[in-house]
Each structure stands twice: as C-alpha cells, then as structure tokens.
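The values are calculated or read from the model by the stated rules, or taken from the named source; none is laboratory data. Everything numeric here is computed off the predicted structure, so don't read it as measured data. Quick reminder, even Gly has a Cβ in these numbers, built from the backbone with ideal geometry, and neighbours come from all protein chains shown. For accessibility, only protein heavy atoms count, side chains too; no ligands or nucleic acids. Shrake-Rupley method; radii C 1.70, N 1.55, O 1.52, S 1.80 Å.
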Amino acid sequence: MLKKLLILDDDPAILDVLKSLFERYDLLVFPEKNGKAALERVRTEHVHVALIDMTLHEESGLDVLRDIKNIDPRLCVIMMSGHQTTQNAIEAMMHGAYDYVTKPLDFERLAGIVAKAFESSFLTRDVRIVGGPSPVAADEGEADSMIGSSPEMIEIWKMIGKIAKSDATVLVQGDSGTGKELLARSIYNNSGRRDKPFLAVNCAALPETLLESELFGHERGAFTDAVSRHIGRFEQCAGGTIFLDEIAEMSLKSQAKLLRVLENREFERVGGTGTIKADVRVIAATNRNLIHAVKEKSFRMDLFYRLKVVTIILPPLRERADDIPFLVNFFVNMFTRTNKKAPMQVSEGAYQVLMNYSWPGNIRELKNVIHTAVVFSRGDTLLPEDFNSLQAGETGEARDISHDRAAFFQRLFDDVSAHEGAVFERFIAEAEKALFRMTMEKTGNNEVHASKFLGISRNTLRQRLKAHKVR
C-alpha cells in the first residue's frame, strides 16, 4: 500500500524541504499551505500521517488538528512548532496529536517519528473506533507555569497532555528545586478539575499527628488541643487536586490512611467514626528514591504501586542545559518588573558563566541567583562579574563543599527551613550525610581510605553510613 503523508505549513521553504526529504522515502507527499486545503486532502486522499505547523497565518494548527480528528480519528498527526512553550506541547497531545516536535527541525529524528507514525497508522486501520474524541479547549489565558523546550522537557509536556484529563494518580520524582509543585499545577491547570481547588501539603513540614489532622481533619476532643472540629485538606479539596510534597517523609501510619483513600476513595477524621467520600485527584512528589525506601521498609510497597500509576521524572537543570537561556530571560524579565527596574539584557559572557555552572540547587538556585544579579546590577546589561559567586566550568559530579560553600549551605538551609523547631538538628544531620556521601564517592567506597580521610574509626564510619542510609 502506498504511504500518504500530508504536510501543512505556510512557509514555502519548509514545505519544499520536507517534501524533498520524505519523497526520498517513497512516500506520496501532499504539501499544503492552508488548513482548508489540508482538510480536503484528508477527506479525498485518505492520508495516513500528517505533519502540521502549530502557527499558521490565518488559523491555528490546533484547530486543524481537531477538524482532522473529527474526519479521521485514526490519522496520526505530528505537530510542529517554532514557539517553544509548555502549553503548545500539552495542548497538542490533549487534542490527539501522535507526537510534537520543535523547530529548527532535526530531520533525522523527524524521519524516525514519521516512520513510527506510519506503523501505528496501519496497525490501527483494522481497529473499529466508535465515536470521535471530544477535546476540551485549554484556557487560552493560562500562562505557562514552567519553562522548558529541551527534549527531556518536551517529553514531559507531551505526557501531561496525555494524562491531564484523566483522574490517574501521578508520582513526580526529581531533585529539590526542579519544580515538582509547578509540574503538579500544570497537570491541574489542564485537567477537568481546574475549576475546583488545588491544595498543596508538605508532608515533611508537620509531625505525624498534625499531618494526619491536616490531611483528614479531626473531631472536637480528638486530642488535647482539638477544641473544635477541623476540616482536613481532602474535604476542602473535594472535586479538585491535592499535591502531597515530600511523600517519602510520611509516617507508615499516615501512609496506611492515604492508601485507603487511594483504594476506596474514603476516610475518617481523626477521632471520628463517620466515613467521608474523597473525590480528589492525588499528585505526590519526592526527591528520594522510593524503591530504596521500600527496601528499607520506611515506605509501604502497596502505596508505592498505588502512587506510580503515572510516574514523571523531572531532570535536574544540569541535564537540560538547553533550557537555561529561556529560564534566564524569563527570570530577568520577571525580576526587572517586580523590582521596578528598566529592561535588562544578558551579555554573552554572562550566559557562558551560567551555562557552565552545574546548578546543584536546580531552578530554585538559578532563580535566586538571577534575582540577586538584577537587584545589584548597576547597568542595563548583566555581565560575568554579576555572577562572581558561581564557579564556572564545574561538571556537577559529586562536588566538594569547599568549591561552592555559599550555594551548598543556602540549598541545605532551604531544604530544612520547613522543619521549624528542629532546623538545627536537620541541618547538622543533612550536612553530615552529605559529607559521608561525598567521602565515599571520593574514595571509591573504600572504607579504609574513607575512615583515614575523615579521621574516624571504621566502626564509627559504618555506623554513620548505616544511620544516614548512604549505601
């Protein structure tokens, strides 16, 4: 069977390049410059795959995508965009796109995607589809809650587009400062629950008894300070989305109650007997390895599998360096406005410093660095000297604290500051854990060398390694 490819782009040069490219693969190519002609091709030629530009002069590529899906739900549509925004990718996938690519196009990668789209198209030709999709238009006024157009982030936006409309539980994993709550909000903003509440709870910020009350509420007299009934977050969030950050810090008892909510969609208030239904979507996040936590019996295996219906792993900033210029411009514009300063530019030298730094604190650290630079800059251009605190050229691999003391301790303080009343103990414990981790990496996990390096006995070393769960 002859394979038919439709290409819709109002740029004649791109049309010619793509037509020449795919004709080499023995495809019958239909190049079109407007949506009306493209839709007529779909009706008359029964094409198998379509390449559509998101932004056309007279219409939206998303509108064309929706119309195509109404004509032929099985047609595999690949959306192309020169505007590298979060919402473009999410909306494309929500409206039934097979894939989403950004310009400038990687032609070799694009050819591979088109080939897979043809495979998928022919596999589904024998499947009877009842009814077509009924996409809900995304809120045009909703601003991007995250920035990123690197290949890693594009895959995440595509996943959000696929799962946002469902009620599937989502587990977000990633280092501190990568934007896990913002990702949760992106899912919520594109979901059918966006007109209901979104509530975030930091599971590490409250002791066990208070966390249970915060989540599930309590009845009057349930404990000493319970002078009145308290409605918990799950009740407050009825019909909406609850974001449980640092889920790995939740006690086993609280984990059991959360498991019941996920399995049966019901719970009781602390000290209460009445069962309450929970119509809430749960998005959980952690910067810890939950598989290790399950092995260490600090996290329930059954809860782990309930949470990971959909798992999204946010990469650290050092692994998505292509996004740094976009983030820098975003934060520079934001902080010049909030600090009532004239618009600023970023010099090439400053970009180089920012690109070479390893960003152990991820986007949170970048945001703080840009804020400081904007506040203290005396001109209208940020220069390399505005970022003297950064160590250019670092790789991000197991860094020694002395290389960047200020950034390390600031990051550490940010991580423990939520534990009011126990900040000192948390700070010392985390610093000690980092010391032992880096020492073992430095010595290649040789306990003899590590104990000599630290000036402690091997027994003490082993005890501390076990206590901090470094290995």
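See the values below:
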item: DSSP-defined beta bridges in the stretch 1-75 - what % are antiparallel, rounded to 5; result: 10
item: Exposure of L210 as accessible area (Å², to 10), given a probe of 1.4 Å and all protein chains; result: 80
item: Gyration tensor verdict on the stretch 62-124 (Cα atoms; rounded if a/c is under 1.5, prolate if a/b is larger than b/c, oblate otherwise); result: oblate
item: Solvent-accessible ranking of L6, L39, largest area first, probe 1.4 Å; result: L39, L6
item: Projected label distance in nm at A434 and K340, using a 7 Å step from Cα toward the beta-carbon; result: 3.6
item: As computed over the stretch 1-62, the Cα convex hull volume per residue (Å³); result: 69
item: Amide H contacts under 5 Å for G272, placed H, 5+ residues apart; result: E219
item: Theoretical ellipticity at 222 nm over the chain - DSSP helices of four or more residues, -39500 (n - 2.57) apiece, nearest 500; result: -14000 deg cm²/dmol
item: Computed accessible area, K433, all protein chains, 1.4 angstrom probe, square angstrom; result: 80
item: Within the chain: Cβ-based charge dipole about Cα centre, in debye rounded to nearest 20 (Lys, Arg +1; Asp, Glu -1); result: 1660
item: Solvent-accessible area of M334 with every protein chain in place, 1.4 Å probe, in Å² to the nearest 10; result: 40
item: Counting DSSP beta bridges with both ends in the chain, the antiparallel % (nearest 5); result: 10
item: Most positive-pole-ward Cα, T372, V101, T241, against dipole of the chain from beta carbon charges; result: T241
item: Kyte-Doolittle at least -0.5, axis length at least 24 Å by Cα - qualifying DSSP helices, the chain; result: 107-124, 423-442
item: Label-point separation, K165 to F409 (7 Å along Cα→Cβ), nm; result: 5.3
item: Selection of GluC sites (Glu not before Pro), the stretch 207-305, meeting DSSP coil and at most 11 other Cβ within 10 Å; result: E296
item: Cα centroid separation, the stretch 1-69 to the stretch 316-381 (Å); result: 39
item: Solvent-accessible area per residue, Å², over the chain with all protein chains present [probe radius 1.4 Å]; result: 50
item: Label selected from (1) 28.6; (2) 29.8; (3) 22.1, the criterion being mean projected area of the Cα convex hull in nm² as computed here; result: (1)
item: Solution diffusion estimate, µm²/s, Stokes-Einstein, the stretch 145-187, Kirkwood Rh from C-alpha pairs, 4 °C, viscosity 1.567 mPa s; result: 118
